Amino acid sequence: MIYELALVARPEATDEQIASLKDMIAEIAGQYEGEVLLTDDWGRKQFAQIAKNGATHGHYVYFIVKGNNKLNDEINRRTKISEDVHKILLVKLSDIDAEAEEIVKKYKTPHSKAHNGSQTDELEKGGDKDRRRFSKRKNCWFKQNSISADWKDPKTFNWLVNEFGKIQPSRVSGISRKHHRYVESAIKRARNIGLASHLSGNLTE
């Protein structure tokens, strides 16, 4: 199985502590018949909304990991008892190990320095940047452009969240019910990991 994992370390975490977290994930993957396919250090970022414990910043590290069906349980267990981990998001990407190379190849996000980009880059080059905001379309924007909402790619969903944090309904946005479910899931994940606000349209910096 292939998973994507985002860890948010405490903002005061040292380079040694961040390196230790990376080593921990590599160790867990090795124990469960897998490996870390990609590690991407996003660095220290400001949360889109102040956390419950009052924290305003965190150090983000992103992984794509392969392993058996027990890998996710161990990652959740180890990260929960780690004093250096503030937030965690673990998402299954595929059940098929053969898709690993393609998944890693397609990875990009505006939050990354090494893999900076968005699914919408090519569309914006073609002048489609503002067409997403047109309501009552005949065709779903996501389906038409072969794009899916992604929690780590705010350009795929931020245009569907208003200034009060409310998600536009599909009858207004014109997207299909299927992709609207993807949008809701992506936004919830982005909010849980601190990349988007629950109360406004703010995004992390």
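The values are calculated or read from the model by the stated rules, or taken from the named source; none is laboratory data. As the structure is a computational prediction, the values presented were derived from the model and not from experiment. Cβ sites come from the backbone with ideal geometry, for glycine too, and all protein chains shown count toward neighbours.
Quick grid of which residues meet (1) hydroxyl-bearing (S, T, Y); (2) modelled with pLDDT of 95 or more; (3) touching a Phe, Trp or Tyr at 6+ places or on another chain (Cβ under 6 Å):
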{"position": "T156", "(1), (2), (3)": "yes, no, no"}
{"position": "W159", "(1), (2), (3)": "no, no, no"}
{"position": "E163", "(1), (2), (3)": "no, no, no"}
{"position": "P169", "(1), (2), (3)": "no, no, no"}
{"position": "H180", "(1), (2), (3)": "no, no, no"}
{"position": "S185", "(1), (2), (3)": "yes, yes, no"}
{"position": "K188", "(1), (2), (3)": "no, yes, no"}
{"position": "L199", "(1), (2), (3)": "no, no, no"}
{"position": "E205", "(1), (2), (3)": "no, no, no"}
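Filtering the stretch 163-184 to residues that are β-branched (V, I, T) and within 20 Å of S197 (Cα to Cα) leaves I167, V183. In this entry, D23 is excluded by the filter for residues that are crowded, with 19+ Cβ neighbours inside 10 Å and acidic (D, E).
Residues are listed down the side, and each one gets a yes or a no for (1) at pLDDT 95 or above; (2) assigned to a strand (DSSP E or B):
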residue: I28; (1), (2): yes, no
residue: L38; (1), (2): yes, yes
residue: D41; (1), (2): yes, yes
residue: Q49; (1), (2): no, no
residue: G54; (1), (2): no, no
residue: Y60; (1), (2): yes, yes
residue: F63; (1), (2): yes, yes
residue: N69; (1), (2): no, no
residue: E74; (1), (2): yes, no
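Considering only residues that are of a type in the set (S, T, N, Q) and more than 16 Å from A190 (Cα to Cα), which ones fall in the stretch 137-171? If the condition is that a residue be of a type in the set (S, T, N, Q) and more than 16 Å from A190 (Cα to Cα), then N139, Q144, N145, S146, Q168, S170 are the ones that fit.
Taking the criterion of being assigned to a helix (DSSP H, G or I) and either acidic (D, E) or under 18 Å from M1 (Cα atoms) (or both), the residues of the stretch 78-101 that qualify are D97, A98, E99, A100, E101. Among the residues of the stretch 102-115, not a single one is touching a residue at least 12 places away in the same chain (Cβ under 8 Å), part of a strand (DSSP E or B) and either outside the structural domain of I193 (by TED's automatic domain parsing) or of a type in the set (V, I, T) (or both). Scanning the stretch 4-51 for residues that are within 19 Å of L195 (Cα to Cα) and either without any contact (Cβ under 8 Å) to a residue 12 or more places away in the chain or among the hydroxyl-bearing types (S, T, Y) (or both) yields E12, T39, I50.
Only one entry in S185, S176, S197 is more than 10 Å from the chain's Cα centre (by Cα) and surrounded by 18 or more Cβ atoms within 10 Å (Cβ to Cβ), namely S197.
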